[in-house]
Amino acid sequence: MRTADSVTPSLSGGDVIVSLLGYAAVYLIVYPFGLWFMLRAVKRGPTAIAEPVSGGRPAGPVKAPPGSDAVKP
Amino acid sequence: MSIVPVWTVILGAAVFFYVVLDGFDLGIGILYSFAATRAERQTMMNAIAPIWDGNETWLVLGGTGLLAAFPLAFSIILPAVYFPILVMLLSLVFRGVAFEFQFGDAEHRHTWDHAFSFGSALGTFAQGIVLGAFIQGFHVEGRHFAGGALDCFTPFSLFTGLALMCGYALLGACWLILKTEGALQEKARRWARIAFLATFASVGVVSLWTPFVDADIARRWFSWPNILFLSPVPLATALTGFLWWRAVARKQDVAPFLYAILLFTLSYVGIAISLFPMIVPHHFSLEQAASDASTQIFLGVGTLFLLPIIVVYTGWSYWVFRGKVKGNIGYH
């Protein structure tokens, strides 16, 4: 079957032009904006990140504050 | 033995999941422009950000399932609703990118706010037109749609477009009741009540309008003894409405959403009763529009293998993001 034979019978050339222009318009808005958006993000560089919270074991022994009864031999 | 019933269930389930799931996040888009503050808008978006795109995948399953399992129906219905489908897709593009741009682009936030709310509203309206046009049926000659591209815009389909906007707004407001707290939740209850009254009235109007414009549907519902077997459907709808109203009045969090889904289920069942077993109303039944049995079996094996996986990971993502949305924490 050739492409020309498989076209939807009810679809007119005008319908196709209108829908094609619709897609073109939407993509011409969304993609340039997205590109601008990404380029701006790159230009600005990474924002400062708050001091990361360290996990794992503490470097030195943890001492109980004086007078506390948390650790009693 | 025919596998058509299996595909009928798969397609029916896909459309139903789509309507309920994407329904509530489109509904939040419709309600979005009624939010008063930036914080409220942020919370509304955060309430759907992790799940909205997953919800939309059901539309893909519905569309490709129709193409693969019922190609004759696809080739008639899609050309008949060419422009509403086009408008829906373009609207969903705007609404989809709005999530990403809105979170990262403070200067143009208002533009993307509008893209989100108008995209959601217009996309829903277009879906409602598709529904209305489908119920009314299409001008078919032989095995082709023989009408014009603008035939689908009728008073009835424009009404179902508005009705679906009310319905999705109801689902969205109920989702907000479920996911938020405090002042926004109170506001969502008010939105939900308004949307509920509009939805309930619309369901009533459509239920009376369809038998008037369509003798087949009237016969299906009102002939004896059908009227006896089918009268529980409108009665259950009325009961669900009562339970919904009571759940909101009692300030319950989850029940309004569940009753709203039940309301959608009953409306869906109502449409199915009106049209079954036709997939192109008045012209072709599911059996007549089905693709070859070997095609349906081949595709059915893959689909029935994948569907449980999709359901499980969807359920899991809802579980991960369970609980109330807090104003300052969100997944982008």
Can you work out ³J(HN,Hα) from phi for every residue in region B:178-185, in order, using Karplus 6.51 cos²θ - 1.76 cosθ + 1.60 and θ = phi - 60°, giving whole Hz and x for Gly and Pro?
6, 9, 10, 9, x, 5, 5, 5
Helix axis angle, B:109-136 relative to chain B longest principal axis, alpha carbon, degrees:
20 degrees
Whole-number percent relative contact order across chain B, with pairs defined as alpha carbons under 8 Å at least 6 apart
26 percent
Need the full-extension length gain, residue B:139 to residue B:273, defined as separation in residues times 0.36 nm minus the C-alpha distance. One decimal, nm.
46.1 nm
Label-point separation in nm, residue B:194 to residue B:64, each point 7 Å along Cα→Cβ:
4.0 nm
Between residue A:48 and residue B:2, what FRET efficiency comes out of the Förster formula 1/(1 + (r/R0)^6) with R0 = 51 Å and r the beta carbon distance, rounded to 0.05?
0.20
Dividing the alpha-carbon Rg of chain B by 2.2 N^0.38 Å yields what?
1.01
Name the residues of region B:117-156 whose accessible area falls by at least 20 Å² when all protein chains are present instead of the chain alone, probe 1.4 Å?
B:144, B:145, B:149
Give me, ordered by chain and number, the residues 5 or more places off residue B:279 or on other chains with an amide H under 5 Å from its own placed amide H.
B:284, B:285, B:286
Quick one: what are the phi-derived ³J(HN,Hα) couplings along region B:281-298, Karplus 6.51/-1.76/1.60 with θ = phi - 60°, whole Hz, x for glycine and proline?
x, 6, 10, 10, 8, 3, 4, 6, 8, 5, 6, 4, 4, 5, 4, 5, 5, 4
How long is the gain from residue B:307 to residue B:252 if the chain were fully straight, where each residue apart is worth 0.36 nm and the alpha carbon distance is subtracted?
16.6 nm
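At 222 nm, what value in deg cm²/dmol follows for chain B if DSSP H runs of at least 4 each add -39500 (n - 2.57) and the sum is divided by all its residues, to the nearest 500?
Helix-only estimate at 222 nm: -26500 deg cm²/dmol.
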Geometric extent, Cα atoms of region B:35-131 - Rg, Dmax (angstrom):
15.8, 49
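Checking an interface number: how much accessible area is buried between A and B, summed over both chains, with a 1.4 Å probe, in Å² rounded to 100?
Working: alone 7460 and 16030 Å², together 21830 Å².
Roughly 1700 Å² of accessible surface disappears when A and B pair.
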Net charge near residue B:283, counting Lys/Arg +1 and Asp/Glu -1 over other residues with Cβ under 14 Å of its Cβ?
-3
Compactness check, the protein assembly as shown: C-alpha Rg relative to the 2.2 N^0.38 Å globular estimate gives 1.16
Calculate the length of the line joining the C-alpha centroid of region B:247-265 to that of region A:7-48, in whole Å.
39 Å
Residue B:181 paired with residue A:26, simple spin-label distance in nm, labels 7 Å along Cα-to-beta-carbon:
3.9 nm
Expected field for residue B:216, accessible surface area in Å² at 1.4 Å probe radius, rounded to 10, holds 80 Å²
Quick one: pull the percent of accessible area on region B:100-235 belonging to carbon and sulfur, 1.4 Å probe, ligands and nucleic acids left out.
71 percent
So for region B:234-277, what percent of the C-alpha to C-alpha distances run longer than 17 Å?
35 percent
Give the relative contact order (percent, whole number) for region B:87-142; include only Cα pairs under 8 Å separated by 6+ residues.
44 percent
Please compute, over every Cα-Cα pair in region B:235-316, the percentage with a separation greater than 19 angstrom.
64 percent
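Just need the Rg to Rh number for region B:165-212, please, alpha carbons only, Kirkwood Rh. Let's see the in-between values first.
On the way: Rg = 12.9 Å, Rh = 11.2 Å.
Looking at region B:165-212, the ratio lands at 1.15.
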Percent of alpha carbon pairs in region B:182-332 separated by more than 20 Å?
67 percent
If exposed means trypsin sites (Lys or Arg not before Pro) lying in a DSSP loop and surrounded by at most 16 other beta carbons within 10 Å, then the longest stretch of chain B lacking such sites spans residues B:1-142
Could you give the accessible area per residue of region B:1-130, probe 1.4 Å, as a whole number in Å²?
33 Å²
Between residue B:321 and residue A:2, what is the label-to-label distance in nm when each label sits 7 Å out along the Cα-to-Cβ direction?
5.0 nm
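The values are calculated or read from the model by the stated rules, or taken from the named source; none is laboratory data. Computed from a prediction, not measured in an experiment: that's the story for all the values here. Neighbour counts are summed over all protein chains in view; Cβ atoms, including those assigned to glycine, are modelled from backbone coordinates with ideal geometry. Calculation scope for accessible area: heavy atoms of the full protein, side chains included, ligands and nucleic acids excluded. Shrake-Rupley method; radii C 1.70, N 1.55, O 1.52, S 1.80 Å.
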